[in-house]
1. Separation of region 18-95 and region 131-156 by C-alpha centroid, Å?
2. Within the accessible area of region 82-141, what % is carbon and sulfur when the probe is 1.4 Å and the other protein chains stay in place?
3. Check which residues have an amide H placed less than 5 Å from TRP103's amide H, if you skip close sequence neighbours.
4. So what are the ³J(HN,Hα) numbers for region 112-119, from phi and the Karplus equation (6.51, -1.76, 1.60; θ = phi - 60°), rounded to whole Hz, Gly and Pro as x?
5. Is any residue of region 57-87 close enough, with backbone N under 15 Å, to a label point placed 7 angstrom from the Cα of LEU162 along the Cα-Cβ axis, and if so, which?
6. Take each of the peptides 88-95, 108-115, average the number of other beta-carbon atoms within 10 Å over its residues, and list them starting from the highest.
7. Under the classification rounded if a/c is under 1.5, otherwise prolate if a/b is larger than b/c and oblate if not, where does region 24-97 fall, given a ≥ b ≥ c as square roots of the Cα gyration tensor eigenvalues?
8. Rounded to the nearest whole Å², what accessible area per residue is found for region 19-164 with the 1.4 Å probe?
Amino acid sequence: MTVLAREQLSGEVLRSAFAAHPSGVTAICASIDGEPAGLVASSFTSVSLDPPLVSVCVAHTSSTWPRLRPAARLGVSVLAADHDEVARRLSARGTERFAQVGWEETLHGAIFIHGSALRLECTLENEVRAGDHDIVLLRVISVQSYPEVSPLVFHASRFRRLEA
């Protein structure tokens, strides 16, 4: 066991420690000026049933979130176990993120990734500044759930799959 004092908690130390917690992987996507835009986030969680709210944390350094923020609707796709390459593509900088990624757009401009375990169509509810990230609260407008689809998991800085 390693115990570190507050003054020893660098970003590298914290990133390594936080990697011990497995999380699902989501794609937050929308059509912006007729083109798909999206980002990948593993800091996604349910927040409230009434009203229906979820949250995702987005780094202040994100160049995609400012583009997505004004969208009428956002698509939250919980990526499936076989979506590790999709996650890499959607999180890459300076590339055509949606090349070779199957997706579809709703009438309101939310974009969902084909084969996802869960799809939530959302609107932006609120943002809370929290350190070097923003906690983004999203109001769920509609749900499409596919419980037979295993989710992609991010753990120890790697994409992994759940075992039965």
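1. 7 Å
2. On the way: 1560 of 3270 Å².
So the carbon and sulfur contribution to the accessible surface is 48 percent.
3. Correct list: HIS114.
4. Result, ordered by residue: 10, 8, 4, x, 5, 6, 8, 10 Hz.
5. Backbone N within reach: 78-83.
6. On the way: 88-95: 13.8, 108-115: 20.0.
Answer by packing, highest mean first, reads 108-115, 88-95.
7. Working: a/c = 1.72, a/b = 1.22, b/c = 1.41.
Cα axes put region 24-97 in the oblate bin.
8. Working: 7750 Å² over 146 residues.
Value returned for region 19-164: 53 Å² of accessible area per residue.
The values are calculated or read from the model by the stated rules, or taken from the named source; none is laboratory data. Given the structure is predicted, the values throughout are model-derived calculations rather than measurements. Backbone-built Cβ (ideal geometry, glycine too); neighbour counts: all protein chains shown. Only protein heavy atoms, including side chains, enter the accessible area calculation; ligands, DNA and RNA are left aside. Shrake-Rupley method; radii C 1.70, N 1.55, O 1.52, S 1.80 Å.
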